[in-house]
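What follows is a short report on a single structure.
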Amino acid sequence: MKNTFGNQFSVTIFGESHGEAIGVVIDGLAAGIHLDMDFINAMMDKRKAKGRISTQRKESDALHIVSGYFEGYTTGTPLTILIENTNTRSEDYEKTQDLLRPGHADWTAHLKYRGFQDARGGGHFSGRLTAPLVAACAILKQMLEKRGVVIGTHLAQCAGVEDEPLAFGGEALARQLRALGAVAFPALSSVKAKAMQAAIEAAAAGGDSVGGMLETAVLGLPAGLGEPFFGSVESTLAGLLFSIPAVKGVEFG
């Protein structure tokens with residue numbers, strides 16, 4: 001029952017949705033890496049609930065780095081980040097604690113942990129556990145950008161509304177990726193962004209939800225990464241992406 005990805009470089013997540021805290025341990029970071037906390041906090045802010053288009057659970061998501069970091073730099077030992085849970089409202093789940101919700105991991109968790117799991121808010125299977133992943137990825141994104149690797153994602157399609165397409169490559173794509181990093185809602189077109197948000201709110205008002213498609217581009221990645229078969233870049237990324245419960249399909253261009 002492991003919650004770790006990676007070998008020489010590993011990421012371990014821990015905690016439950018309504019526990020005291022959630023967090024991540026990053027092992028394998030070299031010593032002397034400067035961490036831009038403003039950038040990391042900005043990435044955490046992007047994940048926070050926004051208005052009526054996402055969860056109504058409001059969390060500050062303040063990061064507490066308790067090891068592996070000293071005076072602005074990594075020390076080379078495991079870097080541990082804690083994020084406190086402050087808005088849990090566990091009483092909301094008392095009436096439904098014995099109900100197994102469709103589309104959730106309630107039944108799977110009950111079987112795997114023989115009823116000893118913390119089921120409040122989905123426990124360890126909650127989307128809340130994406131918060132420490134965002135913190136870890138913000139650190140890694142800084143490291144990649146220093147090596148000339150730029151990553152950006154937009155909401156290509158949502159509720160039948162399509163965003164402007166990403167450029168095929170070159171400086172045009174680089175400008176789009178930089179622009180996406182500066183907006184709160186991940187769409188290239190402000191007009192399409194408003195239409196998507198309106199569709200999400202309309203569905204929520206009727207007690208429903210909508211799906212969508214994310215499109216990610218990576219610039220500057222060196223050729224030849226990954227292993228020739230089982231550990232290819234695509235197979236590794238696919239496994240990681242499907243670890244996010246909401247992801248139901250992955251396609252590589």
**Ranking by accessible area, most exposed first, for F14, F185 with a 1.4 Å probe** = F14, F185
**Fill in**
Listed residues D61, D208, D106; largest mean-square fluctuation, Gaussian network over the chain with Cα springs below 10 Å, found at D208
**Prompt:** Under a plain spin-label model, where a point goes 7 Å from the Cα along Cα-to-Cβ, how far apart in nm are D38 and S243?
**Reply:** 3.1 nm
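Kindly state, to the nearest 0.05, the FRET efficiency for K194 paired with A223, given R0 = 30 Å and r defined as their beta-carbon distance.
Details: r = 39 Å, r/R0 = 1.31.
Efficiency for this residue pair is about 0.15.
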**Nonlocal amide H pairs with S67, under 5 Å, H built at 1.01 Å** = T80
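What fraction, in whole percent, of alpha-carbon pairs in the stretch 159-253 exceed 24 Å separation? Walk me through the intermediate numbers first.
Details: 1666 of 4465 pairs.
So the portion of pairs separated by more than 24 Å is 37 percent.
Taking a ≥ b ≥ c as the square roots of the eigenvalues of the Cα gyration tensor of the stretch 73-197, is the shape rounded (a/c under 1.5), prolate (a/b larger than b/c) or oblate? Don't skip to the end; give the middle numbers.
Details: a/c = 2.79, a/b = 1.51, b/c = 1.85.
Oblate shape, in that a/c is at least 1.5 and b/c is the bigger or equal ratio.
Which is the longest stretch in the chain that no exposed loop site breaks, taking sites as trypsin sites (Lys or Arg not before Pro) with a DSSP loop state and at most 11 other Cβ atoms within 10 Å? Present the calculation step by step, with values, prior to reporting the outcome.
On the way: sites that count: K2, R52, K58, R89, K95, R114, R147, K248.
Longest run free of exposed loop sites: 148-247.
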**Item:** I33 accessible area, 1.4 Å probe, all protein chains in place, Å² to nearest 10
**Value:** 30 Å²
**Message:** Please compute the contact order of the stretch 136-253 in relative form: average sequence separation of alpha-carbon pairs under 8 Å and at least six residues apart, divided by the residue count, as a percent.
**Reply:** 30 percent
**Fill in**
Ranking E20, E171 from most to least accessible area with a 1.4 Å probe gives E20, E171
**Fill in**
Whole-percent carbon and sulfur contribution to the accessible surface of the chain (1.4 Å, no ligands, DNA or RNA) stands at 58 percent
**Item:** Label point distance in nm, V210-K2, each placed 7 Å from Cα along Cα→Cβ
**Value:** 4.1 nm
**Asked** Lysine pairs in the chain with alpha-carbon atoms under 14 Å apart, 8 or more places apart or on different chains: how many are there?
**Response** 5
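Taking only the Cα atoms of the chain, how large is their convex hull per residue, in Å³?
Details: hull volume 38.6 nm³, N = 253.
With only Cα atoms used, the chain gives 153 Å³ per residue.
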**Request:** Starting from the Cα gyration tensor of the stretch 124-174, multiply each eigenvalue by 5, take the square root, and state the resulting semi-axes largest first in whole Å.
**Result:** 25, 22, 5
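Using a probe radius of 1.4 Å on heavy atoms only, what accessible surface per residue do you get for the chain? Whole Å² is fine. Let's see the in-between values first.
Numbers: 15700 Å² over 253 residues.
On a per-residue basis, the chain sits at 62 Å².
Quick one: order S17, S209, S232 from most to least accessible surface, probe 1.4 Å.
Details: S17 0, S209 90, S232 30 Å².
Descending accessible area places them as S209, S232, S17.
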**Asked** With charges only on Cβ, +1 for K and R and -1 for D and E, what is the dipole size of the stretch 118-253 about its Cα centre, in debye, rounded to 20?
**Response** 420 debye
**Asked** Just the accessible area for T216, please: 1.4 Å probe, Å², rounded to the nearest 10?
**Response** 80 Å²
**E162 long-range amide H proximity, modeled H, under 5 Å** = none
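Could you work out the relative contact order of the stretch 76-215, using alpha carbon pairs under 8 angstrom and six or more residues apart, expressed as a whole percent? Before the final figure, lay out the partial values.
On the way: 103 pairs, mean separation 28.1, N = 140.
About 20 percent, as a whole number.
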**Asked** Extension gain L144-F116, at 0.36 nm per residue separation less the Cα-Cα distance, in nm?
**Response** 6.1 nm
**Cα principal axis extents for the stretch 9-51, largest first, Å** = 38, 24, 15
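The values are calculated or read from the model by the stated rules, or taken from the named source; none is laboratory data. These figures come from a predicted structure and were not determined experimentally. Ideal geometry is used to build each Cβ from the backbone, glycine not excepted, and the neighbour counts take in all protein chains shown. We work out accessible area using only protein heavy atoms, side chains counted, and drop any ligands, DNA or RNA first. Shrake-Rupley method; radii C 1.70, N 1.55, O 1.52, S 1.80 Å.
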